[in-house]
Amino acid sequence: MDNSPKTENSLTIYPFVVPNLLISYCCILVMPEKQRGRYAALAIAAVVIVVGIPLWWKTTETYRAWLPFSEISELDSLQLQLSVDIEVVFSRGTLTPEQQKKFPLSHVNEKEHQVDVSIPELLTSPSTEADLSLHMLSESSCGSVVVYVIPESSTLLPEDVKVYVGQRRTALLRSPPFKTSWNLKEVLSNLDVEVEQVVSTMSFGHQDIVAALSNRVRMTKVTKESMADSMRAIKSSPGYEITFSLLNPDPKSHSLHWDIEGAVQSYIQPLLNKLAPIANFSVDSQILYYAVLGVNPRFDNSVSAYTLSADSLSHVINPVEARLGSNAASSNPVLNFLLYVPDAHHSPLFIRDHSKRKVPSNAFHSPRWGGIMVYNVNEMYGPEAERPVDININMAKVMGVFLAQLRLMLGVQHTHPPTGFVLQSPGSAGLADWELDRLLWSRSVENIATASTTITSLAQLLDQIGNIVINDNIAQQVSSAVTSLQSAVAELEAGNLAFALQYSREAILASERAFFDPSLLHLLYFPDDQKFAIYIPLFLPMCVPIVLSLLKIVSEAKKRRADKQAKSD
Amino acid sequence: MGITAAAARDEFQEELVIRPLHSGDIYASFQFRTLWDTDFLQEGQKVSHYRLFPKSLGQVLSKFSVRELHISFTQGFWRTMQWGQPFIPSPPGAELWVWFHDTVSDVDGNWKELTNVLSGIFCASLNFIDLTNTVQPSASFKPLGLGNATDHRFLRYATLPREIVCTENLTPWKKLLPCGSKAGLAVLLKSEKLFHSSFHSQAVHIRPVCQHKNGLDFAKILDAPSFCIHLCINCYLHLFTEWSLFKMFSRTLTEACPLATSSKVYVDITDNPEGELFELSPATPLLSQAVVLGDRRTYSVFDLTRAETFGQLRSLNLLLRWKGDGGEMLRPLLHAERYVAGFGLQTGEIHTVIYNNHPYRAFPVLLMDSVPWYLQLYIHTLTVTSKSRDNKPSYIHYQPAKDRHRPHLLEMLIQLPPHSMTEVTVQFERALLKWTEYTPDPNHGFYVGSSVVSALVPSMVAMSTNFTQDQPLFSSFVPVKEESSYFVRVYTEPLLVNLPTPDFSMPYNVICLTCTVVAVGYGSFYNLLTRTFQVDEPSLPLAKRLANLIRRIRGVPLLT
C-alpha cells in the first residue's frame, strides 16, 4: 500500500486507497496520475470499440443465407433463344441425283420472326389420302417439325393447296420449281420462306412469344386479338381444377339429370390426356339448387323470350360464385363451367351480344374464370306436365360448348395459317400434336418469364429489407430455381422442348415456394424508436462518460501542443 | 335407366323435433341427412361428381382418407339436469374427432392439414388445433358408423372450448344443405333468432353406414359403404306461455325441400296425452311413437311432403298454448359436473362428479379427461370415491403430457353404484408459461375442455335394434346394439383456470431497471478509474472567512 505507485500494477489499487493518503502523494504524482486517468479512459474506449460494438453487432444481426444475386441479376436481362428442329425430307422426284449425292446436310437458319397477321380462309377439304400417307411416317420427337417436300406435280394435294399440315408434327410442302443446276444449299434457301411459314404455324410465331412474355415485357406492337387471347388463357400453373356445375334454380319444376361422368369420359378426358405433359388436371362436378344469376333477365316481346344483354353479363357471375365454393383440397386455379337451366317462369332465356343478336351457342365465357351456358328446357315439356319434370340434358350439345371454352382457357389458340395452307382437323383427341407443341412452346417461355420475374422480385425485396431472415431452405429453393431456369433456357436453345418445359415447371415451383415461404413473414420488425427505447437506458449512461473523457483528452492534447508551440516560439 | 340409378344413389331427409318443456322452454332439434351410396376411399378412382352431397366435404373426405368425421360448434352449455338428455350431445366450443382410414401413413400430417381446411370451410379457428390439444382416446370415441376399427392410432380428438360460435359459422353450414336456406326446414334457420337462444349447437357428422335396402347383407356393406352426412342444429329457446314457429324463428314453413325424400316436423306430446297440459294447433292425426334415450315418447307428426299439412293458408305455423302447469320431467339417469378446487396460483384440484340416478342398477361409465400440459397433473393423487368408499377403476389409460407437445389424457372405466354420486379428484400444479405463450387476454384464464362421460345406460323400455325399419332420424343417430341399454355421452362444463400471469410491461421495466443499475455501477467504476486527483487550495471555513471580512474592514492582517 505504501509502495510508491509508479508501476502500472500498483495503479490499479488506487480506487481502494483512502483519499487522505492520496493527497499526501499528490504533490509528487501529479503528472503520472493524470497520465493514468487518460490511459484508463482510452483503454475503456478501445475495449468498447474493439470488443463491445462487434459483439453487439454480431448478436443482434439477422441470419441471412447467401443468395446467388449475380446470377439472378443475369436473369433479369434474359435472352431466350428458341430453336426448332426441322427435318426437310425430299420425296422421290423432287431432287436430281446430283443434288441427292450431297445429303446429308444440316443447315442452321436463324431468323427473327416477323409474322404478319392475315386472315386467311380456312380450307375445308382435308385430303384424306395425304393424311394417310403422313400417318404412316415415323413418329417425330416433341417440338420438332418434319417437312416433306413433294414434287410440284404431285396429285397428293389439291391444286390450290401449297402446304398441308397433318395431325402429327408433319407437313407436306409442294415444292416450288427447282432448277436442276442448283446445289442443295440453293434448293434449301429457296424453300426457306415456305418452311418458315410452316414453322410459325406449327411451333410458334412472333406473336405467341410476345403474348407468352406479356407479364414480363410491356406489350407495344400486339394486335388486339392476340392480346385478348393471352388475357383469356389461364396463367400457367402446375395443375388445374375443372369444375362443372349444373345450376338448377327451380328444383320444384325441373328435376334435371346429366350424365356428367360419361360426358367427361368421352369429351373432356381425351383432351386432358393429351395435355398431361403441361399440367395435372382434375375434374369434378356438382349440382347446385336454388342458385340464381345475379341479374334479372328482361322479357323481350319481339321474340317472346327473356334476354340477357352482353352488358349485364358481367354481373351474372359474382352471386353464383359464392355458391360454387373453392376446392378445399388443393390450391390450383379453378376453371368453372356452369350450365344454367333457367326456371320455368324465366324460360326461354337467350344471351344477346353487343349487336343485339342472339348468341347461337347461348353461352359466354369469362377470361381466366370459366364459362356459363344457358340451357333452355321449356320446349321439352307441355304446360300440363306433372311437376317436377324429369329432364335429361343433352350432354353432347353442352360439352361441345364447354370443350371450345376449355380450349380457349387453356390457351390453345386459333392459328391463322397463311393462304394455301390446309390444316387437318384435330380429330377425336381435340388437339393435334403440333397444337400441343405450340402450347408447350408458349408455356415454357411463359414459365421461364414468370419464374424469373418471381425470383428477381424476391431478390430485390430481400435486398431492400435487411431485416428479413433468409433461411437455408429459402436459399436452397432460390438456387434450385435459378439452376432450373438456366437449364430450361439451355434446353430451349438446344431445341429439347419436353425437357425445357419440365425444367421451367420445376423453376416455377421452386420460385413460388421460396417467394411464399412463411418464414419470410416472421421478420422481427421492431420499429427504430422501440429499439432506441430499449438501448437508451444502458447505452446513454455508458457512452456519455466515455465520450466526455475522450473529448477532454483531445482538448488537453490540443492545449499541450499549443503550449509547446508557444514555448518554442 | 340412368335416371333411376342416379336417383337411387343419394337421398336427402330433413326433420325437426320440438320438445316443449314445462318451464315454457323449447328444445328444437333440426336434422338433415344425406345418404350417398359411394365409396370415397376406393383406390384409384376419384369420386368427383356430386349431386346432393356437398362437394367441399366430399373432397376433404377423399383427399385426407377420412373414415369418419364429427365436428360440432356449440354456444352455451347444455344443462342436462334441467333440460334432459339432448339427442346429439356436444361440448361448449368446438369439438372435432376424426377416424382416418387405416391406409394413412402420416396421420398427424393429415390431421394438421385437415383442421386447416375445415377451418376454412366453416370459418372457424380450428387451425388452432395442433398437437398440444390433440389426443388419441383409446376407448371413449369408437366409430359411430360401419366397421369396428379399434386401432386408436387413426383417431384424433380435439376440442377448442374457447371457440365462439356465430353467424359466420352458420352461413357456411347452411351452404352444405342441398336446398340451402331457400326451401324446406332450413328456412327457419335465421341467425338473428337462433343466436338468441340459451343454447345453440351446430354439428356435422359424416360416417359410413350400411344401406337400408341390403341392411343385413354384411359382405355387401363392407364392399360399398354409403356415406351419411348428418347436419344437425340443436337450440334451446326460452319463451313464455305460448309459442309458435313464427315467434321462435320469425318464419313459417311453406314447403318441403323438393329434393328431400322425407321432410317431417315432430312435436313431443308424451306428457300431454289428453290435451290437458297444452293445446297444439293445427291438430294432426298422425302420431308416431319412438324409443329415444331409454324412454318411449309420443310425437305428433307433420309431414311436409303432403299438401294437406299446410292447409288453406299454404303455410304451417305450429302454435302451442300452455293450459296448466305441473308434471315432472324424467330425471336423466346419468349426469356429470366438474369444477376446480383449491386456492392460490400454485396448485389446485380438479373434481369431476358423476351421478347415477338409476334407483337399482349399477353400470360402468368411461370417463375421459384431456388436460392441457400447463396444468401438471399429479396422477398419484387420483382418487375415485363413491358413497364415501374407494372405488377402484377397472381400467385406467393415462398418457402423461409433454411440455409444449401434448396434453394429458386420462381415461377410466368406473363402475357407478346405483343411486350414487362418484367423485374423481386429481391434483395439479400450474406451470409458468413463456411470455409469448399467453393468450391475448391472459387474466381471463385458460380453458380446459369438458370431460367426456360415455356410457351404456340401462333402459327402462326395450330399445329397438331393428335397423331396417324406418325410424325418425333423431332416434337412430347412435346405433343401438342391444335392447336393454342405450348409449349416452355426457359432457361436463369446461373449466376456466387462472395461471400465474405476469405483468406484461415487465420486460421493459426489467430492461430499464437493470440497465440503470449497470449504468450506475459502471459510471462510478469508470469515474474511479479515470478520475485524476489534484491538490487543491483548501478553502477557509466559514467562521474564518467571516473573521477575515471583519479583519479586512478593520485593517488587521488576515487569517490563513
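The values are calculated or read from the model by the stated rules, or taken from the named source; none is laboratory data. Every value quoted in this text rests on a predicted model; they were computed, and no experiment measured them. Neighbour counts run over all protein chains shown; Cβ positions are idealised from the backbone, glycine included. What goes into the accessible areas is simple: the full protein's heavy atoms, side chains included, and nothing from ligands, DNA or RNA. Shrake-Rupley method; radii C 1.70, N 1.55, O 1.52, S 1.80 Å.
Derived from the Cα gyration tensor, the three semi-axes of the equivalent ellipsoid of chain B are 64, 28, 27 Å, largest first.
Can you find, among B:W243, B:Q312, B:A290, the residue sitting farthest towards the positive end of the charge dipole of region B:239-356, where Lys and Arg contribute +1 and Asp and Glu -1 at Cβ? Of the options given, the answer is B:Q312.
For the pairing of chain A with chain B, what total accessible surface becomes buried, with a 1.4 angstrom probe, in square angstrom to the nearest 100? Show your work: numbers first, answer last.
Working: alone 32580 and 27670 Å², together 56420 Å².
Heavy-atom accessible area buried at this interface is about 3800 Å².
Three principal axis extents describe the C-alpha atoms of region B:351-468; from largest down they are 56, 42, 25 Å.
Heavy-atom surface analysis with a 1.4 Å probe gives region B:319-430 a carbon and sulfur content of 54 percent of its accessible area.
Which is the longest run of chain B containing none of the GluC sites (Glu not before Pro) found in DSSP loop states (not H, G, I, E, B) with at most 15 other C-beta atoms within 10 Å?
Numbers: sites that count: B:E43, B:E274, B:E276, B:E328, B:E482, B:E483.
The longest uninterrupted stretch comes out as B:44-273.
The mean number of Cβ atoms from other chains found within 10 Å of a Cβ in peptide B:55-67 is 3, as a whole number.
Each peptide in A:474-485, A:253-264, A:342-353 gets a packing score, the mean of other Cβ atoms within 10 Å over its residues, and the list from highest to lowest is A:474-485, A:253-264, A:342-353.
Calculate the mean, over all residues of peptide B:253-260, of how many other protein chain Cβ atoms lie within 10 angstrom of the residue's Cβ. Working shown, then result.
On the way: counts 0, 0, 1, 0, 4, 11, 8, 0.
Per residue, the number of nearby Cβ atoms from other chains is 3 on average.
Each Lys and Arg Cβ is given +1 and each Asp and Glu Cβ -1; about its Cα centre, region B:412-560 then shows a dipole of about 1920 debye.
Anything over 29 Å Cα to Cα? Flag those among A:K356/A:K397; B:K112/B:K182; B:K142/B:K190; A:K252/B:K63, in the order listed.
Working: A:K356/A:K397 23 Å; B:K112/B:K182 34 Å; B:K142/B:K190 34 Å; A:K252/B:K63 34 Å.
Violating the 29 Å limit, Cα to Cα: B:K112/B:K182; B:K142/B:K190; A:K252/B:K63.
Entry note, region B:279-386: relative contact order of 17 percent, from Cα contacts under 8 Å with a spacing of 6+ residues.
Sorting A:501-512, B:79-90 by their mean Cβ neighbour count within 10 Å, with the most densely packed peptide first, gives A:501-512, B:79-90.
Stokes-Einstein D for region B:471-555 at 37 °C, 0.692 mPa s, Kirkwood Rh over Cα pairs, in µm²/s?
Numbers: Rh = 23.5 Å.
Translational D for this selection: 139 µm²/s.
Each Lys and Arg contributes +1 and each Asp and Glu -1, all at the Cβ; summed about the Cα centre of chain B, the dipole is approximately 1920 debye. The residues A:L548, A:L462, B:L277, sorted by heavy-atom accessible surface at 1.4 Å with ligands and nucleic acids left out, run A:L548, B:L277, A:L462 from largest to smallest. Measuring between their Cα centroids, region B:250-286 and region A:384-407 lie 40 Å from each other. Computed over the alpha-carbon pairs of region B:31-125, the distance histogram in 10 Å steps reads 13, 40, 32, 13, 2, 0 percent, short to long.
How would A:F69, B:F141 line up by accessible area, probe 1.4 Å, largest first? Provide the component values of the computation, followed by the final result.
On the way: A:F69 80, B:F141 0 Å².
Result, largest first: A:F69, B:F141.
Ordered by solvent-accessible area of protein heavy atoms (1.4 Å probe), largest first, the residues B:T167, B:T74 come out as B:T167, B:T74.
From the P(r) of region A:289-345, can you give the percent of Cα pairs sitting at distances over 18 Å? Can you show the working numbers first?
Numbers: 723 of 1596 pairs.
It works out to 45 percent of all Cα pairs.
A:K358 contributes about 110 Å² of solvent-accessible surface, heavy atoms of the protein only, 1.4 Å probe.
Solvent-accessible area of A:F499, all protein chains in place: 110 Å² (probe radius 1.4 Å, heavy atoms, ligands and nucleic acids excluded). Rolled with a 1.4 Å probe across the full set of protein chains, the surface gives B:Y395 an accessible area near 80 Å².
Quantify how strongly other chains surround peptide B:509-522 by giving the mean number of their Cβ atoms within 10 Å of each of its Cβ atoms.
On the way: counts 0, 0, 5, 5, 1, 2, 9, 3, 1, 4, 9, 1, 1, 5.
Per residue, the average neighbour count from other chains is 3.
Using the average count of surrounding beta-carbon atoms within 10 Å as a protection proxy, the listed peptides B:31-37, A:272-278 rank, highest first, as B:31-37, A:272-278.
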